[in-house]
1. Scan (1) farther than 24 Å from Asp149 by Cα; (2) surrounded by 24 or more Cβ atoms within 10 Å (Cβ to Cβ); (3) of a type outside the set (A, V, I, L, M, F, W, C); (4) out of contact with any Phe, Trp or Tyr (no Cβ under 6 Å at 6 or more places or on another chain) for the single condition Ser314 breaks and write down its number.
2. Residue check: is Arg382 crowded, with 21+ Cβ neighbours inside 10 Å and either free of Cβ contacts under 8 Å to residues at least 40 places away in the same chain or acidic (Asp, Glu) (or both)?
3. List every residue pair whose Cβ atoms lie under 8 Å apart, where the two residues are 6 or more positions apart in sequence or sit on different chains, the first residue falls within segment 385-396 and is at positive phi, and the second residue, located anywhere, is in a loop (DSSP other than H, G, I, E, B).
4. Any residue at all in segment 87-103 that is buried (at least 22 other Cβ atoms within 10 Å of the Cβ), touching a strand residue (DSSP E or B) at 6+ places or on another chain (Cβ under 6 Å), part of a strand (DSSP E or B) and modelled with pLDDT of 90 or more?
5. Are there any pairs, at least 6 apart or on different chains, whose C-beta atoms fall under 8 Å, with the first in segment 119-134 and under 24 Å from His246 (Cα atoms) and the second of a type in the set (Ser, Thr, Tyr) and assigned to a loop (DSSP other than H, G, I, E, B), and if so, which?
6. If I go through segment 13-45 residue by residue, how many of them are part of a strand (DSSP E or B) and either at pLDDT 50 or above or of a type in the set (S, T, N, Q) (or both)?
7. So Arg107 fits all but one of (1) over 24 Å from Tyr308 (Cβ atoms); (2) surrounded by fewer than 16 Cβ atoms within 10 Å (Cβ to Cβ); what number is the exception?
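The values are calculated or read from the model by the stated rules, or taken from the named source; none is laboratory data. Since the model is a prediction, treat every value here as computed from it, not as a measurement. Cβ coordinates were reconstructed from backbone atoms using ideal geometry, including for glycine residues, and neighbour counts include every protein chain displayed.
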Amino acid sequence: MAGAVVIGSTGVTAVAATGDSENMDPIGNSRPAQAHTLALDGKDHKKRSLPRTETQSFSLVGVSWDDSADAFEGTAQIRTRDADDGTWTEWSDLDFDIRAPESAEGRDSGVRGASEPLWVGPSDAIEARVLADGEETAVPKALRIDMIDPGTVKGQGKGNVEGDGQLSAMSKSEKPTTDPSGEPSSVPDPRPTASESPTPDPSVSTGPTTPAAPQIVSRAEWGADESLVTEPPSYLAKVDAVFVHHTAGTNSYECAESPAIIRAILTYHVKSNGWSDTGYNFFVDKCGTVFEGRAGGTDKPVRGAHTYGFNGYSAGVSLLGDYENGGTPTAAAKQAIADVSAWKLGLHGVDPQAQVTLTAAGDTGVYKTGDRATLHTVSGHRDGYATLCPGAALYSELPEIRRTAGDSVYAAN
């Protein structure tokens with residue numbers, strides 16, 4: 001990668017991987033997301049390290065390796081330098097709860113093993129250390145650091161959504177502030193008011209109705225680079241359940257940054273993991289804004305890549321932030337998760353407060369292939385897969401989220 005400089009050391013190999021910006025229609029002053037990589041070379045089979053190294057600008061980081069079937073046990077830590085003030089962060093651990101989907105998408109030759117990505121904000125230098133631990137005797141082959149620059153979208157600033165007047169995730173006059181309770185104090189309520197409810201047409205026959213959709217920021221509005229998507233979407237027969245996730249990473253992001261975070265995750269899932277698109281069907285931020293995830297239609301049963309063993313039955317909703325290490329989900333975020341889950345399940349006649357029995361399509365650490373798993377129709381990632389996701393704080397809120405989903409204006413009648 002041109003421009004990589006090792007601060008006080010040598011011996012780092014750099015390579016680059018960028019998005020196909022030539023095939024992306026520029027939107028005014030928009031700049032597509034890019035992926036940059038640094039190889040973690042070394043002779044010690046059990047550990048790798050990268051000294052403080054200057055890089056091209058990035059805001060999200062992870063590590064990846066050649067063989068997605070090689071489940072890494074050990075620790076990977078990174079620290080980064082703030083691009084604005086030059087200060088270095090403390091060491092941060094990367095999580096290894098991500099796994100390639102059990103479908104053909106996960107068996108593609110370009111699929112890599114990877115950590116969960118970590119949002120660090122605009123940065124221009126990095127330091128890293130990786131250590132094999134437990135039963136591991138060596139770090140994975142072709143280990144590298146993956147750094148993502150989320151690019152820019154005209155009119156968004158730090159990422160504010162302003163799409164053709166149809167939806168603004170946070171208007172300029174509604175920059176979120178935080179009250180002493182930790183809740184965003186200026187969050188628009190996405191639910192329709194009585195005055196917004198359409199007047200029934202008496203000429204139309206009554207009967208089972210499709211529930212109204214909550215406001216969802218489209219891929220075009222958050223600036224998805226569709227040239228990154230490598231395959232058309234595939235569809236399920238039915239969405240039987242919703243799995244709730246968290247993205248991990250920082251909780252101190254501004255809601256205006258949410259589109260940039262999602263663009264970075266899309267780029268990481270494609271360029272680092274080697275998947276065809278982002279794995280989640282929906283994202284939610286702490287201000288309660290819902291974003292479209294994997295392409296194919298928010299009202300369609302699009303197959304995602306979020307809960308290994310159960311992707312063939314479910315949709316994945318991921319809350320931006322870390323809810324295992326001190327983060328607390330806001331009331332707005334919980335309401336949004338409940339509403340989008342109620343709506344998505346309602347499209348298929350599924351009660352968000354019910355249970356469902358599903359057959360595991362892979363060994364998940366909780367279930368073996370072929371096991372019959374009885375799960376809540378709104379479950380946490382950890383219910384189906386051996387992981388801490390969606391974090392203890394968010395997981396403990398799922399009973400309330402299920403009750404809220406059952407009462408949601410978006411639930412099926």
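1. Result: Ser314 passes all but (4).
2. Working: crowded, with 21+ Cβ neighbours inside 10 Å: yes; either free of Cβ contacts under 8 Å to residues at least 40 places away in the same chain or acidic (Asp, Glu) (or both): yes.
So Arg382 fits the description; yes.
3. Hits for this filter: Gly391/Asp322; Gly391/Tyr323; Gly391/Glu324; Gly391/Asn325; Gly391/Gly327.
4. Checked segment 87-103: no residue is buried (at least 22 other Cβ atoms within 10 Å of the Cβ), touching a strand residue (DSSP E or B) at 6+ places or on another chain (Cβ under 6 Å), part of a strand (DSSP E or B) and modelled with pLDDT of 90 or more.
5. From segment 119-134, the pairs are Trp119/Thr247; Trp119/Thr250; Trp119/Tyr253; Val120/Thr89; Val120/Thr250; Gly121/Thr250; Gly121/Tyr253.
6. 9
7. (1)
Okay, residues lined up against (1) at pLDDT 95 or above; (2) under 30 Å from Thr359 (Cα atoms):
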position: Glu231; (1), (2): no, yes
position: Val242; (1), (2): yes, yes
position: Ser252; (1), (2): no, no
position: Ser258; (1), (2): yes, no
position: Ile261; (1), (2): yes, no
position: Leu266; (1), (2): yes, yes
position: His269; (1), (2): yes, yes
